[in-house]
Amino acid sequence: MNPRLWIKSPLAIYTGTDQDARGGIVVQGNRIVEVLAVGQQPAQPCQNTYDAREHVVIPGLINTHHHFYQTLTRAYPDALNKELFPWLKSLYGVWAHLEPEMHALATRLALTELLLSGCTTAADHHYLFPAGMEQAIDIQVEEARTLGIRAVLTRGSMSLGEKDGGLPPQSTVQTEEQILLDSERLINRYHERGEGAKIQIALAPCSPFSVTTDIMRESAVLAERLDVRLHTHLAETLDEEAFCQQRFGMRTVDYLESVGWLSPRTWLAHGIHFDDQEIQRLGQAGVGICHCPSSNMMLASGICRNRELEAAGSPIGLGVDGSASNDGSNMINEVRQALYLQRLRYGASRVTHFDAYRWATAGSARVLGRDDIGTLDIGKQADIALFRLDELRFSGSHDPLAALLLCGAQQADRVMVAGEWKVIDGTLPGQDLHQLMAQHRQAAKRLAAKAMASH
Ligand SMILES: [Zn+2]
């Protein structure tokens, strides 16, 4: 029998359920086995107790959209102060020089940053496979396993280069055959199914303006055959809407339907520019939406209609998006950003801190098609984030759960993934963060130098 751990009497706890959990939770193996009301004792003896009286306890945060490699091009001079299309065009030529070692460091850095911010499951959208980068997803699997974070790694793709009317440079696109063969290889090799899965693979053509119609269609067929999820960017900007009208003669959701993607297997990053009727169609189909507030503000893309989409039936989750449009990977900070940006659209009384927590936890879990994570409930995976309120920013605060978002928490004190502590005292045991940053900085410099030299 695995030993039982009682995370006892938290200062405050958000479980995502209606249950009174003020007595804490009991973890055994990789699962939560008891949820205790105030004053209640565990039903069976616990070998270990963790006193959480100074901690705010929440389910591990779930990030549903990122591009880890972009940590190498944060605040990149050529890309500053631009909207999506010109911003992308400034960066594609830099990203085209990505190398395996740089990608490994970028992935390690992003995952470390996510873990420290209370994130226990991270999805990444990697669509960049220039020559030499054929092992990009294999590298990410290795890094996620080493850190012990849960990861949903999407095999992204770009197949529509500049010469065929797409946005990305030709050196960054692959043939449809290459993409589909590698997608199948990765699913067969790494995709775990069922409760507690630590590594999952999904298929993710990049966006309407960087992939062919055929790769959208074929990816949906392959996803259906191998039972994996589908992901892409959609309705992020009005430029994209104009592109779809011009190239396909239809709006984004019609395009999505025309390629077989209007399904509960699909989750979309951004999902900003939908009309009322499109929202109903997405909701009825059960298409998930990842809201990326910081990125949407940075690129001035617009504001996702979270409440209407959720009411229509779409799961709503959160994502930090790539680290060139955020430019951080801080998940607890992103929950705050979502709270505030959604308030700007709907008003302060219609978007509560509980809404924001729900999107980042149970909502994000549904977006990823998971029912074993996202709440602190009996039988769920023990993915838990604990925050302390002993920093200047929290001093004088009253409601601990509200304070975490309103006072702007930046870092978790403890994070557990599948019953194991991965963050202790605000750090990753055994990881030298200064060394990681030094190596990562060097990789970022080398990438920028390669891009300059090729001009
Ligand atoms: Zn993105």
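The values are calculated or read from the model by the stated rules, or taken from the named source; none is laboratory data. As the structure is a prediction and not an experimental result, all values here were calculated from the model. When we count neighbours, we look across all protein chains shown, and the Cβ atoms used for this are built from the backbone with ideal geometry, even at glycine. Accessible surface is based on the protein model in full, side chains and every heavy atom, while ligands, DNA and RNA are left aside. Shrake-Rupley method; radii C 1.70, N 1.55, O 1.52, S 1.80 Å.
Listed values, structure above:
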quantity	calculated
Condition check for Ala223: more than 16 Å from the ligand (Cβ to nearest atom), free of Cβ contacts under 8 Å to residues at least 12 places away in the same chain, closer than 23 Å to Asp321 by Cβ and out of contact with any Pro (no Cβ under 7 Å at 6 or more places or on another chain)	no
Residue among Arg4, Arg22, Arg53, Arg74 that is touching a Ser or Thr at 6+ places or on another chain (Cβ under 6 Å) and away from the ligand (no atom under 16 Å from the Cβ)	Arg53
Residue that is acidic (Asp, Glu) and more than 30 Å from Glu192 (Cβ to Cβ), where the choices are Asp327, Asp371	Asp327
Some residue of region 320-331 being at negative phi and among the acidic types (Asp, Glu)	yes
Scan of region 287-321 for residues that are surrounded by 24 or more Cβ atoms within 10 Å (Cβ to Cβ), of a type in the set (Val, Ile, Thr) and either away from the ligand (no atom under 12 Å from the Cβ) or closer than 18 Å to Arg350 by Cα (or both), ordered by number	Val287, Ile289, Ile316
Those helices (runs of 4 or more DSSP H) lying entirely in region 202-258 with at least 2 residues crowded, with 24+ Cβ neighbours inside 10 Å	213-226, 252-258
Options Glu83, Glu99, Glu134; residue that is of a type in the set (Asp, Glu), in contact (Cβ under 8 Å) with a residue 12 or more places away in the chain and touching a Ser or Thr at 6+ places or on another chain (Cβ under 9 Å)	Glu83
Check on Glu113, of a type outside the set (Ser, Thr, Tyr), part of a helix (DSSP H, G or I) and surrounded by fewer than 17 Cβ atoms within 10 Å (Cβ to Cβ)	no
Residues satisfying the stated conditions in region 185-220, i.e. among the aliphatic types (A, V, I, L, M), more than 16 Å from the ligand (Cβ to nearest atom) and under 19 Å from the mean Cα position of the chain (by Cα)	Ala197, Ile199, Ile201
Only listed residue being open to solvent by less than 30 Å² (accessible area, probe 1.4 Å), aliphatic (A, V, I, L, M) and under 18 Å from the mean Cα position of the chain (by Cα), chosen from Leu147, Leu84, Leu98	Leu147
Residue pairs meeting the criteria (Cβ under 7 Å; at least 6 apart or on separate chains; first within 24 Å of Ala362 (Cβ to Cβ), in region 61-77; second modelled with pLDDT under 95 and within 11 Å of the ligand (Cβ to nearest atom))	His66/Gly322
Residue within region 325-346 that is more than 22 Å from Ala409 (Cα to Cα), more than 16 Å from the ligand (Cβ to nearest atom) and either of a type in the set (Lys, Arg) or surrounded by fewer than 23 Cβ atoms within 10 Å (Cβ to Cβ) (or both) present	yes
Sole residue being among the hydroxyl-bearing types (Ser, Thr, Tyr), more than 30 Å from Ala197 (Cβ to Cβ) and open to solvent by less than 40 Å² (accessible area, probe 1.4 Å), chosen from Thr73, Thr64, Thr107	Thr73
Test: residue in region 308-316 that is of a type in the set (S, T, N, Q), in contact with an Asp or Glu (Cβ under 6 Å, 6 or more places away or on another chain), modelled with pLDDT of 95 or more and in a loop (DSSP other than H, G, I, E, B)	no
Hey, Glu195 in a helix (DSSP H, G or I) and either within 27 Å of Gln431 (Cβ to Cβ) or at pLDDT 95 or above (or both) or not	no
Single match in Arg229, Arg193, Arg265 (criterion: of a type in the set (Lys, Arg), within 30 Å of Asp383 (Cα to Cα) and touching a Leu at 6+ places or on another chain (Cβ under 6 Å))	Arg265
Search result, residues across region 118-150 that are more than 16 Å from the ligand (Cβ to nearest atom), touching a strand residue (DSSP E or B) at 6+ places or on another chain (Cβ under 7 Å) and either acidic (Asp, Glu) or not in a helix (DSSP H, G or I) (or both)	Gly118, Cys119, Thr120, Thr121, Gly148, Ile149, Arg150
